[in-house]
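Following: one structure in structure tokens, then a few remarks.
The numbers here are math on the coordinates, done by the rules we state, and not lab data. Just so we're clear, the structure is a prediction, and the values are computed from it rather than from any experiment. Positions of Cβ are generated from backbone atoms using ideal geometry, with glycine treated the same way; all protein chains shown enter the neighbour counts.
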């Protein structure tokens, strides 16, 4: 498979999206910028479709921090923002349906973190009993998902 775009040498992704995740991805050639954005200084917001009708108790658990497995050890996530949301309709993403109502209910939540451990959001929702079905990163700092799949935008500063 060939390259999609002709990015400058040394271009790297800031953070990662696993194969089953979608959404905003920032690229840079500046390692200091990458390190800075990955630090706790910037929020990362995700819209998450979970299996089942999520409870207020589960949302409160997410907000307070959850114990997850990380590299063979137990890690407690930092407190975060978590809220029940309506199904996102105005995002520039594929309108794909994972399954229909006969397979059971689904809920959408917004989770905003200041950290980003390996598969953290998926592990958090599973730990409270509502596995992730779909994960979309919609914001990093002040940058929000506005471009359609495959589109790029050159940004000269991040603040």
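Before moving on, here are some points about what is shown:
- Full extension of the chain between residue 93 and residue 126 gives 9.5 nm of extra length, using 0.36 nm per residue less the Cα-Cα distance.
- Across region 1-51, Cα-Cα pairs farther apart than 19 Å form 40% of the total.
- Label separation (residue 151 vs residue 70): 3.4 nm, computed from points 7 Å beyond Cα along the C-beta direction.
- With a simple spin-label model that places each label point 7 Å from the Cα along the Cα-to-Cβ direction, the separation between residue 63 and residue 41 comes to 2.9 nm.
- Three principal axis lengths of the chain [C-alpha, angstrom, descending]: 46, 35, 29
- Computed over all pairs of different Cα atoms, the Kirkwood value for the hydrodynamic radius of region 46-118 is 13.9 Å.
- Among 123-136, 19-32, 143-156, 66-79, sorting by the average number of other beta carbon atoms lying within 10 angstrom of each residue, highest first, gives 123-136, 19-32, 66-79, 143-156.
- Stretchable slack from residue 143 to residue 83, in nm (0.36 nm times residue separation minus alpha-carbon distance): 19.6 nm
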